[in-house]
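The values are calculated or read from the model by the stated rules, or taken from the named source; none is laboratory data. Because the structure is a prediction, the values reported are computed rather than measured. As a convention, Cβ positions derive from the backbone with ideal geometry for all residues, glycine included, and neighbour counts pool all protein chains shown.
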Amino acid sequence: MKPLLEIKEISKSYKLLHEQQSYLSLRDILSKPSQFFKKNSTEVFNALDSVSFEVMQGESIGIIGKNGAGKSTLLKILSKITPPTSGTITSRGRIASLLEVGTGFHPELSGRENIFLNGSILGMKRKEILAKFDEIVDFSSVEKFLDTPLKHYSSGMQLRLAFAVAAFLEPEILIIDEVLAVGDAEFQRKCINKMDSITHHEGRTILIVSHNMSVLKKLCSRAIMLQKGKVLMNADANTVIDTYLKQSIEDNPRIKKGNSKITVNDIEIFDQSHNRITSFHTFDSVNFVLNCTASQDFDKVSIALCFNNMDEVRISSLWSKLTNQLFDIKAGPFKVHFNIPCIQLIPGEYNLVTYIDSNGYELEQVENFKLITVSFKPGNGYITEPGKSQALYLENFNMKIID
Amino acid sequence: MEYHIKPQKKLAFNFKEVWDYRELFFFFTWRDIKIKYKQTALGVVWVVLQPLIFMSIFVAFFGNFVKTHTSSSLPYPLFVLGGLLLWNVFSNGLSNASNSMITNANIIKKIYFPRLILPVTGIIVPFFDFFISLLLFASACIYFDFIPSWHLFYALPIALSIVLITTLGLGLLISSLSVKFRDFKYIVPFLIQILLFLTPVIYPSKLIPFGWLNKLLELNPIGAAIEILRAGLTADSIQLIHHSPAILLSIALLFIGGSYFKSTEHYFADLA
């Protein structure tokens, strides 16, 4: 089967104009007429540099990368808004793009009229809109205000209406740019479920740009990482997203808060036999040692070591206060040992966070302290499913079957 | 279905694609007509009120003066009104079309459709107004007890076609230029004002004293359209040969405007 989309060596360059002077006055022109015709210096900026990949029927692909990596330019070229400078894209299906929700919405028109206008701008036929009109209204839940001008809608209602129209687009290829984060939590969930059913049940081909990695993991089978206009990685979504997150965490310096009167200098990890390790397996016995320095004496000090997953969600906290352990610390260096007899982290990457307070007064909190990798012990019979969703296994439970 | 997205070079319009997007064209036109009179108390009455007031002013100030200088059987109010209605199609159409890329910049940047739809929509809207104003013209004919000749049946379509072709040509040219040079936002209203004086809307072209100026103004396609309409009203002979330079100019404008628009339209989204 031929791929639905073939993207071959697409490049897009923009000329950047450097204006030499902020403005040219009439006096400048009169004194030096040549100034008027003087060319401003230009510089060529490559937003995309020879990008190639293929998309098969039914794939859902996430496109990730930092700001300025070329994600939006790629989507603009795919949706024909701007032509590439070189390269070709061969498409074997109808492309509809959703680079913004509510494109062309007009405040003076009613909700009903805007559904037709926006649907038509997005490429739906009048018949299609008519056929899905009730579903669209139902999805947006604004039926009461259908004949009110849009300008009287709240911004949330406008977004809901806009997304509802877009949700019922049915092209072979759908291109979406960072539009998932609309509305309140409930509506967001509704949107993500809708997207999920489009990708997984209806088998439609989707390309999504988003910064919400957990949503991308849920929706996408494959991901493409762009960096400075080039494809850096093109593989299954979990691998690419975890690499991207790891990279962005490594790029991010530790974020320190507090006055650092007690500071954690380093975290070392040891296994059962006191060998220093950098990674470990799920259900291993692990020791974390925090090398700290106190600048003065403190009493009632509590110390915490926490684990964040790659989506910056706190998975677990080991906090001495919760076990009623408060310490008196003398000025100078000291070590804190955390012994975990059976660590229950699901395989994946985690980020360490440290926290120290005294008498409930925060001394130091460090985010992104260190990145650790957890994997399954080889050959123990578990199916390795790396990075699907980092969380904790709970072992202390009872299970009974009652007839 | 298989198609390619490549660097753009070709100059020909893809009319099949425009046809595929006919519904969007319809919705844009419908939007512009709908919005024009939203939240106005008088609504569509404005369409007839504006030319009516203009006509009254011109009749009050120039009525006697012009009457003594024309031998036409056409009553002066109808003479002015006929000119004004065609003029409005041109002036409103040109200003709508010229601004169409700027006013719709947010849509251009976010979605693809044949850009040609936007300036054409801008011209269609005053064209609709024209047909509504024909009711005003018919009432005025009854009021002044004037029966138009049957020649109007072909004079009106010819006159309207000349106006539409001219407006489209200039509109396409200016709308694509204005994406790059915002100066046209100021040039267009000024240009329209000047052209009103240079077009025989309120005076007959015979009134222009200088022969050479008259020769030059005969190139004005809108002037030609207005005179053809007036000739059709009074059963004077319609001098298409006489007006042919103006008609050729309007076709040339469409050609120039169309090709400039086509050669620049791909980059509107980058510049708008």
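Here are some notes:
- Wholly enclosed strands (runs of 3 or more DSSP E) of the range A:167-269 bearing at least 1 residues under 16 Å from the mean Cα position of the chain (by Cα) and on the phi < 0 side of the Ramachandran plot: A:173-177, A:205-209, A:222-227, A:230-236
- Only listed residue being modelled with pLDDT under 90, assigned to a helix (DSSP H, G or I) and of a type in the set (Ser, Thr, Tyr), chosen from B:THR68, B:THR121: B:THR68
- Given (1) under 21 Å from B:PRO221 (Cβ atoms); (2) modelled with pLDDT under 90; (3) crowded, with 19+ Cβ neighbours inside 10 Å, number of the condition B:LEU172 does not satisfy: (2)
- For the range B:1-58, a tally of residues being under 24 Å from the mean Cα position of the chain (by Cα) and in a helix (DSSP H, G or I) returns 32.
- Residue count for the range B:4-39 under the criterion of being surrounded by fewer than 18 Cβ atoms within 10 Å (Cβ to Cβ) and over 21 Å from B:ILE124 (Cα atoms): the result is 9.
- Candidates B:ILE165, B:ILE158 - the one that is hydrophobic (A, V, I, L, M, F, W, C) and modelled with pLDDT under 95: B:ILE158
- Among the residues of the range A:105-124, none is identified as facing another protein chain (nearest Cβ under 9 Å), of a type in the set (Ser, Thr, Tyr) and more than 16 Å from B:TYR21 (Cα to Cα).
- Residue satisfying all of: in the range A:116-141; in contact with a Phe, Trp or Tyr (Cβ under 7 Å, 6 or more places away or on another chain) and buried (at least 17 other Cβ atoms within 10 Å of the Cβ); nearest to B:ILE107 (Cα to Cα) among these: A:ASN118
- For the range A:90-104, the tally of residues that are more than 7 Å from chain B (Cβ to nearest Cβ) and part of a strand (DSSP E or B) stands at 3.
- Of all residues in the range B:1-53, those satisfying the criterion of being more than 30 Å from B:LEU78 (Cβ to Cβ), more than 11 Å from chain A (Cβ to nearest Cβ) and of a type outside the set (D, E, K, R) are B:LEU11, B:ALA12, B:PHE13, B:ASN14, B:PHE15, B:VAL18, B:TRP19.
- Among the residues of the range A:61-84, those identified as assigned to a loop (DSSP other than H, G, I, E, B) and within 13 Å of another protein chain (Cβ to nearest Cβ) are A:SER79, A:LYS80, A:ILE81, A:THR82, A:PRO83, A:PRO84.
- Residues satisfying the stated conditions in the range B:190-233, i.e. assigned to a helix (DSSP H, G or I) and farther than 26 Å from B:LEU134 by Cβ: B:PHE190, B:LEU191, B:ILE194, B:LYS206, B:LEU207, B:GLY211, B:TRP212, B:LEU213, B:ASN214, B:LYS215, B:LEU216, B:LEU217
- Selection over the range A:125-155 of residues that are at the interface with chain B (Cβ under 9 Å from one of its Cβ atoms) and either assigned to a loop (DSSP other than H, G, I, E, B) or in contact with a Cys (Cβ under 7 Å, 6 or more places away or on another chain) (or both) gives a count of 1.
- Qualifying positions in the range B:121-170 - among the aromatic types (Phe, Trp, Tyr) and over 16 Å from B:ALA235 (Cβ atoms): B:PHE127, B:PHE128, B:PHE130, B:PHE131, B:PHE137, B:TYR143, B:PHE144
- Against the list (1) over 19 Å from the mean Cα position of the chain (by Cα); (2) free of Cβ contacts under 8 Å to residues at least 24 places away in the same chain, the condition B:GLN193 fails is (1).
- Any hit, the range A:158-170, residues being out of contact with any helix residue (DSSP H, G or I) (no Cβ under 9 Å at 6 or more places or on another chain) and surrounded by fewer than 20 Cβ atoms within 10 Å (Cβ to Cβ): no
To keep it simple, each residue is scored yes or no on (1) at pLDDT 85 or above; (2) of a type in the set (Ser, Thr, Tyr).
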| position | (1), (2) |
| --- | --- |
| A:GLU128 | yes, no |
| A:GLU135 | yes, no |
| A:PHE139 | yes, no |
| A:VAL142 | yes, no |
| A:THR148 | yes, yes |
| A:SER155 | no, yes |
| A:ALA167 | no, no |
| A:SER197 | no, yes |
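- Contact annotation: residue pairs with Cβ atoms under 7 Å, 6 or more positions apart or on different chains, pairing a residue in the range A:44-65 that is more than 15 Å from A:ALA237 (Cα to Cα) with a partner that is of a type in the set (Phe, Trp, Tyr) and surrounded by fewer than 20 Cβ atoms within 10 Å (Cβ to Cβ), are A:PHE45/A:TYR14; A:ALA47/A:TYR14.
- Screening A:GLY58, A:GLY87 for residues that are assigned to a loop (DSSP other than H, G, I, E, B) and over 28 Å from A:ILE249 (Cβ atoms) leaves exactly one candidate, A:GLY58.
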